Structure formats: structure tokens, C-alpha cells
Amino acid sequence: MNSKKIIASVLLSCLAVCIVTTPLQAAQSSVKTIEVFTTAKDTDKRLTLTQKATFEPSIQPTEGQISIFVNPNKRFQKVLGFGGAITDASAEVFAKLPADKQNEMLKAYYDQDEGIGYSLARTTIHSSDFGSGSHTYIKEGDKSLSTFNIDHDREFRIPLIKRAIKAAGGELMLYASPWSAPAFMKSNNNMLQGGKLLPEYYDTWARYFTKFIKAYEAEGMPIWGVTIQNEPMATQRWESMIYTAEEERDFLKNHLGPIMENEGYGDKNIVVWDHNRDLITNRANTIFDDPQAAKYAWGIGFHWYETWTGGETMHDNLALVNESYPGMKLLFTEGTNEGFRADRYQYWPNAERYGNSMIKDFNRGTVGWTDWNILLDHNGGPNHVSNFCFAPIHADTRTGELIYTPTYYYIGHFSKFVRPNAQRVSTSSSRSVLLATSFINEDNEMATIVMNQTDEKIDYNFIVAGKQSMLTIPARAMQTLVY
């Protein structure tokens with residue numbers, strides 16, 4: 001090789017080394033095809049692969065054209081997971097199913113390939129309203145907690161949790177919430193109807209948490225964390241207990257946090273609030289502005305029952321908490337459709353309530369999403385105070401039939417394609433008729449979820465990193481675009 005060729009070769013090599021590929025350029029080069037999965041009202045489409053589309057170079061969208069824009073360069077919170085609550089009610093119904101239907105339900109929820117890949121679960125510390133009756137883990141009046149045992153849970157709940165963990169591949173993020181302290185520890189001497197934790201039992205109740213964690217983990221069920229109190233501002237006719245923001249702050253700061261740390265559970269995550277979005281900012285301000293309380297908190301949990309009127313809820317409060325306390329996480333801990341009616345299993349607005357909430361929650365910083373009961377019977381229970389509700393899957397225990405509602409599939413548009421540790425990616429819609437959010441998984445596969453709440457199909461321009469594809473979403477539909 002002559003000297004000129006050698007010099008030219010060296011220069012080309014140097015140029016290749018010096019070129020830096022930006023994230024946007026990398027995304028442009030890797031984006032090729034899209035798989036479109038659809039669930040739509042008045043069709044047989046249920047998480048169905050309905051289209052395979054290709055990208056082409058994008059052009060400037062025109063005014064009035066409906067577009068979804070995704071910018072992979074701008075990334076936000078990491079995803080903890082998706083799941084539902086394993087309650088006494090769910091476990092009691094599950095135990096009544098024939099073996100093949102039990103296996104079907106477990107696969108439907110926890111298998112990523114053949115189901116929707118749930119990765120987290122919530123359970124209760126002793127009883128909630130969803131179960132055949134109230135119970136605790138001690139004899140009434142036992143301040144020393146010497147009688148503590150979880151024998152009640154071994155009959156139905158623990159076997160279901162263990163099978164769910166196995167069905168999920170051997171790992172399932174499990175956290176727990178109490179609905180009420182035992183009656184003798186409360187101001188109204190009743191597990192139901194609200195009431196407050198008496199100050200002389202603050203330490204006793206905090207130790208109750210640690211005994212629960214120890215007992216469950218001894219059974220081979222690791223506990224990720226706890227919430228302090230389910231719905232601490234709601235006096236319910238079922239198990240309930242009230243904390244003001246200041247009372248919850250002081251219980252965390254002076255009792256639960258230090259006792260969990262002293263007993264070797266300082267690595268467990270403590271979630272505050274666990275109630276609706278309407279008062280979440282007040283709770284966050286009160287607890288997180290106190291450094292001695294905030295140091296024990298992982299983040300704040302919330303429900304959706306405050307203002308549902310067909311679409312608009314208090315999501316801006318989530319954004320404010322996220323902006324004000326970026327070190328604290330947002331976790332959706334409970335939601336369900338109330339007022340069970342057997343003729344509304346396929347009632348589409350129930351699913352749309354989930355889709356609306358999930359997209360808006362994640363777009364405002366939420367890291368994980370937990371549905372309420374994973375399974376209820378043909379009456380919307382069992383519930384010992386007749387507070388019957390819907391679940392994504394119901395079981396008719398008279399026939400052994402499993403009934404899949406549209407909600408199951410709407411949740412699946414997230415949980416099946418957005419895996420733990422995925423990161424939310426900047427996504428926007430040019431028109432409010434479409435809701436959208438996007439995530440990138442650890443393997444760099446991306447998922448964009450699009451929801452159409454109108455009665456008309458919508459053509460839209462899907463634009464990602466300089467590439468575009470023209471797509472159509474049916475009326476009253478959810479789509480996940482995988483690319």
C-alpha cells in the first residue's frame with residue numbers, strides 16, 4: 001500500500017471513531033416496524049395483534065392533523081410494576097374454583113407470554129371489608145402481641161399468594177396495608193366505623209407491622225413494604241381508622257419508622273397517605289416537609305375515588321407532588337369500579353375509567369399501579385358489609401366459569417408490554433381526543449399506549465424520532481404500539 005493510501009485509511013478510521021451518535025440518531029436508525037395490539041368495544045379484539053406497520057421519514061404535520069409525538073431523548077420515572085390486590089375475598093373465591101380454572105386465572109394474570117404479566121401485588125394486614133368477616137392476628141386485648149399468629153391467612157390467602165409468586169416466575173413485589181388496628185387499640189373500640197389509634201398503643205401497633213413482615217417472610221413471601229393506613233381520612237362502615245396529616249407524620253416519625261429500623265426492617269419501604277388525589281398535596285406537604293418524618297418515607301400512595309365524573313379527576317395534584325418532592329415516589333395503590341351489577345360485566349366505561357387514570361397517572365410521575373381485588377365472585381364479593389364491586393376477572397362459583405371484563409384487557413395494554421424498570425418517555429397528543437403515554441423497556445423495546453374515548457375511529461400520525469407511520473384506532477379502543 002502506498003503512502004497516500006495509508007494516510008487516507010488512517011484519516012477515515014479517525015473520522016469513524018470521532019463521529020458521535022446521538023440518542024435521537026440511534027433511535028432513528030433502530031425504529032423500523034410497529035406491532036399494533038388492540039382492544040375495542042363492539043368487536044372481538046382483545047389485546048389482539050391487528051396490524052404490523054412500518055416507519056418512513058416524517059414530514060411536518062399539518063394544522064388539524066391528529067398526531068402522537070414520542071421523543072426518546074426525554075425520559076422520566078422508572079416503572080415499579082403493575083398488579084392487583086390479593087385479598088381474603090379473592091382467595092376465598094379462588095379456593096372454590098376447579099383446578100383447571102385456578103391455573104387459568106393464575107396464567108391470565110401473572111404469565112407475561114400467555115397472560116398480562118402482573119409483577120406486583122398488594123395484600124391486607126389482617127382483614128378489610130373484602131372477606132367473609134373481620135379478624136386480627138391476636139387475641140383481643142393482647143397489648144404484648146404474645147398471641148400473634150397468621151393462621152387465619154394460611155387457609156386461603158397465603159396459598160394463593162404463593163401460587164401467584166410461582167406463576168409470576170418466582171418473584172412478585174408484595175406490599176401490605178392495614179384497614180384498622182384491633183378494636184381495643186382504638187378510640188371507638190371497634191374495627192369498623194373509623195375511630196383513631198389511641199396514643200398508648202402507637203408503639204404496639206408499630207410492632208404489629210414488624211410481626212406481620214416477619215411472619216409472612218418466614219412463609220417465603222418477601223415483603224417489599226407497607227402503607228401506613230388505607231384511606232386515613234375515610235370513616236367507613238367497614239374496617240377503617242383515621243389519621244390527620246399531623247398524626248400520620250408523627251406516627252411515622254416517632255413510632256413506625258424507628259421501630260421498623262430497630263427491628264431490622266429499615267430496608268422496607270413505607271408509603272404514606274394511601275388515599276385519594278384530592279387531599280394528597282396536604283398530606284405530602286405535612287409529612288415530607290418534616291425531615292425527621294420524610295427520612296422514613298419511600299413515597300406516597302393514592303386512590304381514585306375522589307371526583308370521578310366520567311373523565312376528569314385530580315391528576316394535577318399528582319404533578320404538583322412530583323414537582324415539589326422529586327425524591328419521593330408516587331404509587332397508585334387502589335382503584336375499582338363500585339356498585340356491582342352482574343349485567344355490567346362488559347360495561348365499557350368501567351375499562352375506560354382504568355385507561356384514563358393509568359395514562360394520566362403515569363404522565364404525571366406515577367411509578368406503579370395496583371388494582372383492587374384480582375378476583376371476585378358473581379355477586380361482586382364476598383364482602384362482609386355488602387360493599388360489592390367489580391374486578392377484572394369474576395368467577396361464577398356456581399358454575400366455575402371465569403368472566404373476563406374489558407378492564408382486564410385495558411390493564412393488560414400496560415402490564416403485558418411495560419415491564420419493571422421501564423422508563424417513561426416524552427409523549428404528547430396534538431388533540432385531546434387521544435390520550436397517550438410511552439415507555440422504553442430495559443431491552444430497548446418501546447411501547448406507546450393510545451386510548452380513543454370517542455365513538456368514531458381516528459386516523460393519527462405516529463411520529464417517533466424523525467420517523468412516522470399513519471395508524472388508525474377504532475372507536476372506544478385502547479392500543480399498544482410495540483416497536
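The values are calculated or read from the model by the stated rules, or taken from the named source; none is laboratory data. Small disclaimer: the values here were computed from a predicted structure and weren't measured. Don't worry about glycine lacking a Cβ; one is built from the backbone with ideal geometry, like all the others, and counts go over all protein chains shown.
Go through region 338-368 and give me each residue that's crowded, with 23+ Cβ neighbours inside 10 Å and over 19 Å from ALA436 (Cβ atoms). Matches in region 338-368: GLY368 only. All but one of (1) under 23 Å from the mean Cα position of the chain (by Cα); (2) farther than 26 Å from VAL433 by Cβ hold for ALA99; state the number of the condition that does not hold. Exception for ALA99: condition (1).
Within region 164-190, being closer than 23 Å to SER119 by Cα and of a type in the set (Gly, Ala, Ser) holds for ALA164, ALA167, ALA168, GLY169, GLY170, ALA176, SER177.
Of all the numbered requirements in (1) within 30 Å of SER180 (Cα to Cα); (2) aliphatic (A, V, I, L, M); (3) without any contact (Cβ under 8 Å) to a residue 24 or more places away in the chain, ALA99 misses one, and that requirement is (1). Taking the criterion of being polar (S, T, N, Q) and in contact (Cβ under 8 Å) with a residue 40 or more places away in the chain, the residues of region 222-269 that qualify are THR227, GLN229, ASN230, THR235, GLN236, SER240, ASN254, ASN269. Of the residues making up region 218-260, those that are among the small types (Gly, Ala, Ser) and within 14 Å of THR333 (Cβ to Cβ) are GLY225, ALA234. I'd like the full set of residues that are surrounded by 15 or more Cβ atoms within 10 Å (Cβ to Cβ) and touching a helix residue (DSSP H, G or I) at 6+ places or on another chain (Cβ under 7 Å), limited to region 125-134. Residues satisfying the conditions are ILE125, SER127, PHE130, GLY131. Out of all the residues in region 213-224, is one or more more than 30 Å from ILE116 (Cα to Cα), touching a Phe, Trp or Tyr at 6+ places or on another chain (Cβ under 9 Å) and modelled with pLDDT of 95 or more? Yes, region 213-224 has at least one match.
When we screen GLY365, GLY412, GLY327 for residues that are over 15 Å from SER90 (Cα atoms) and either without any contact (Cβ under 8 Å) to a residue 60 or more places away in the chain or touching a Ser or Thr at 6+ places or on another chain (Cβ under 7 Å) (or both), the only hit is GLY327.
Just one of the listed residues (GLY412, GLY365, GLY400) is within 28 Å of VAL70 (Cβ to Cβ), touching a helix residue (DSSP H, G or I) at 6+ places or on another chain (Cβ under 8 Å) and at pLDDT 95 or above, namely GLY365.
The set of residues from region 54-75 being surrounded by 15 or more Cβ atoms within 10 Å (Cβ to Cβ) and at pLDDT 95 or above comprises PHE55, ILE66, SER67, ILE68, PHE69, VAL70, ASN71, PRO72, ARG75. A single entry from MET314, MET328 fulfils the requirement of being touching a helix residue (DSSP H, G or I) at 6+ places or on another chain (Cβ under 7 Å), in the same structural domain as THR87 (by TED's automatic domain parsing), of a type in the set (A, V, I, L, M, F, W, C) and closer than 25 Å to SER426 by Cα: MET328. Show the residue pairs meeting these rules: Cβ distance below 8 Å; 6+ apart or different chains; first residue within region 188-203 and aromatic (Phe, Trp, Tyr); second residue surrounded by 19 or more Cβ atoms within 10 Å (Cβ to Cβ) and part of a helix (DSSP H, G or I). That search, which allows pairs on different chains as well, returns TYR201/MET185; TYR202/PHE251; TYR202/HIS255.
Checked against (1) under 29 Å from HIS384 (Cβ atoms); (2) over 23 Å from the mean Cα position of the chain (by Cα), HIS275 passes all but a single condition, namely (2). With a requirement of 3 or more residues that are of a type in the set (Ser, Thr, Tyr) and in contact with a strand residue (DSSP E or B) (Cβ under 6 Å, 6 or more places away or on another chain), the strands (runs of 3 or more DSSP E) lying completely within region 46-113 that satisfy it span 48-54. Of all the criteria given as (1) surrounded by fewer than 24 Cβ atoms within 10 Å (Cβ to Cβ); (2) in contact (Cβ under 8 Å) with a residue 60 or more places away in the chain; (3) not assigned by TED's automatic domain parsing to the domain that holds LYS101, the one not satisfied by GLU442 is (2).
You will find that of LEU172, LEU192, the residue that is surrounded by fewer than 22 Cβ atoms within 10 Å (Cβ to Cβ), in the same structural domain as TYR408 (by TED's automatic domain parsing), hydrophobic (A, V, I, L, M, F, W, C) and in contact with a Ser or Thr (Cβ under 8 Å, 6 or more places away or on another chain) is LEU192 and no other. When you check THR309 against the structure, is it in contact with a His (Cβ under 9 Å, 6 or more places away or on another chain) and either modelled with pLDDT of 95 or more or in a loop (DSSP other than H, G, I, E, B) (or both), yes or no? Here the answer is no, as THR309 does not meet what is asked. I'm checking my understanding of the structure. Among residues of region 454-474 that are in a loop (DSSP other than H, G, I, E, B) and at pLDDT 95 or above, which one is nearest to ILE34 (Cα to Cα)? By that ranking, first place goes to PRO474. When region 43-62 is filtered for residues that are in contact with a Phe, Trp or Tyr (Cβ under 7 Å, 6 or more places away or on another chain) and not hydroxyl-bearing (Ser, Thr, Tyr), the ones remaining, listed by number, are ARG46, LEU47, LEU49.
For THR454, state whether it is crowded, with 18+ Cβ neighbours inside 10 Å and closer than 19 Å to ILE359 by Cα. Judged against the criteria, THR454 is not a match. Given the criteria over 22 Å from ILE270 (Cβ atoms), part of a loop (DSSP other than H, G, I, E, B) and at pLDDT 95 or above, does THR336 qualify? Yes.
Of the numbered criteria (1) on the phi < 0 side of the Ramachandran plot; (2) acidic (Asp, Glu); (3) modelled with pLDDT of 95 or more; (4) assigned to a loop (DSSP other than H, G, I, E, B), the one ASP42 fails is (1).
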